[in-house]
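In what follows, a structure is listed as structure tokens, so that the remarks can point back to it.
The values are calculated or read from the model by the stated rules, or taken from the named source; none is laboratory data. Computed from a prediction, not measured in an experiment: that's the story for all the values here. Cβ coordinates were reconstructed from backbone atoms using ideal geometry, including for glycine residues, and neighbour counts include every protein chain displayed. In case anyone asks, the SASA skips ligands and DNA or RNA and just uses the protein heavy atoms, side chains included. Shrake-Rupley method; radii C 1.70, N 1.55, O 1.52, S 1.80 Å.
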Amino acid sequence: MNEKSILNKFFKNNQSIWLKMKSPFGEEQYIPRIIDITAGNLEQNKNKSRRMKRCLSILLTLLTMMILALSILAIIIPILLLRRKSSTPPLSPIIVANSSNNITTVVTTTTTTIINCIYPNLISPLGTCVNIMIDSKNCGQLNNVCPGNSTCSAGICNNVPGIQLDNANAIFSSATNGSADDQMYKVTLPWNITLYNTTTNEVTVTSDGVLCLGNCSTSYTESRLPARVFDSATAFPFWDDLYIYANTSQGIYYQDEGDIPQRTLIFEYYMSHYVEKDQFYHFQVTFFENFPGVVQYKYFDATDHGDTCTIGVQASKTGPFIMYSYDQPNSVQTNMTIYFDTIHESFNVSNIN
């Protein structure tokens, strides 16, 4: 391969470096191409400068946002701490004593309690909830006192028997819930009660005059004790086919009274007989904190005098049990009280004081 062929080949492969030209004598010659690298370097430098400016701008923006966030936190955090401090009252009065002149300053705090009453309960002037459907001192509206011996039923003063509890909690109230037949309702109590060997703070009451400390039944047909449809500790203050009629004071209520350790828990039943609206059955069941295992039945009214009911207590469906009466005529009298002692398995009948 001659020199010219080698140059031609080299030219084809390196056109960006060599420039082919003819001499004044007509001969082909290859001379180095002059390459201007200055423009490319300038453009490259400009791109680098732009990237640096963008990075610097982003960093400045992030720094500004961080400073702004820290400024906001510096304002908010002291406010939150101040609110938290001001909302937490001292647990006890703070005593500040000056030993030089023997002056003592007592700093106390006042706590405001907000009471929420659910209708038909309204807040009384004494700051308690009263049921205006059954409260004879606030019948239909606050401070409307029923005259004489009349009572409040469905917000109206009349001579129909009324609820005896002063601050009754309604388990079922016909004034707001309507009528009820063969129903049962679970209740969570403020403290434990005991019957036989069962102690609990959850009971079930039925509209047929029964109170269970465990599993219960809506059976309305009374029987002798032990009753096999009730397999847990059960109180039978007046087990019969009873009925709660709407728009009256009838229902099932309870109330916690007294102070520890001598509190009493009172359940009050007020209803009529099934399909016999004019027959009234009104009684209370009381448990005593300082006498566990003892239960008291108190009767205000029983139109048929216990002719078709079962009264007593039982530990389970197989016993032990104490039965006072079963479908016994004249077994229940007005103002009669029965004490059942399930620890010593005895009962005592007396009159209401």
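When the accessible area of the stretch 153-299 is computed with all protein chains present and a 1.4 Å probe, what percentage of it is carbon and sulfur? Numbers along the way, then the final one.
Values: 2470 of 5880 Å².
For the stretch 153-299, the apolar C and S fraction of the accessible surface comes to 42 percent.
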What translational diffusion coefficient, to the nearest whole µm²/s, does the stretch 140-200 have by Stokes-Einstein, given a Kirkwood radius computed over alpha-carbon pairs, a temperature of 10 °C and 1.306 mPa s viscosity? 108 µm²/s
Of the beta bridges DSSP finds with both residues in the stretch 166-351, what % are antiparallel, to the nearest 5? 100 percent
Using only protein heavy atoms and a 1.4 Å probe, report how much of Asp278 is accessible, in Å² to the nearest 10. 130 Å²
Once you charge only the Cβ atoms, +1 for Lys and Arg and -1 for Asp and Glu, what is the size of the charge dipole of the stretch 166-351 about its Cα centre, to the nearest 20 debye? 360 debye
With label points built 7 Å along Cα→Cβ from the Cα atoms of Ile115 and Thr218, find their separation and express it in nm. 3.5 nm
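Can you tell me the accessible area per residue over the stretch 117-160, all protein chains present, probe 1.4 angstrom, in square angstrom? Please list the in-between numbers first.
On the way: 2510 Å² over 44 residues.
Heavy-atom accessible area per residue stands at 57 Å².
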I'd like the distance separating the alpha-carbon centroids of the stretch 240-271 and the stretch 294-353, in whole Å. 17 Å
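Where only protein heavy atoms count, and the probe is 1.4 Å, what is the accessible area per residue for the stretch 166-351 in Å²?
On the way: 7730 Å² over 186 residues.
Result: 42 Å² of accessible area for each residue.
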Spin-label point model (7 Å from Cα, Cβ direction): what's the Leu59 to Lys277 distance in nm? 9.1 nm
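Can you give the extra length, in nm with one decimal, that the chain gains between Ile260 and Ile123 once fully stretched, where that is 0.36 nm per residue apart less the Cα-Cα distance?
Numbers: separation 137, 0.36 × 137 = 49.32 nm, distance 2.57 nm.
Gain on extension, Ile260 to Ile123, equals 46.7 nm.
At 0.36 nm per residue, minus the direct Cα-Cα distance, what do Ile79 and His344 gain on full extension? Give it in nm, one decimal, please. The partial results should precede the final answer.
Working: separation 265, 0.36 × 265 = 95.40 nm, distance 6.43 nm.
Between Ile79 and His344, full extension yields an extra 89.0 nm.
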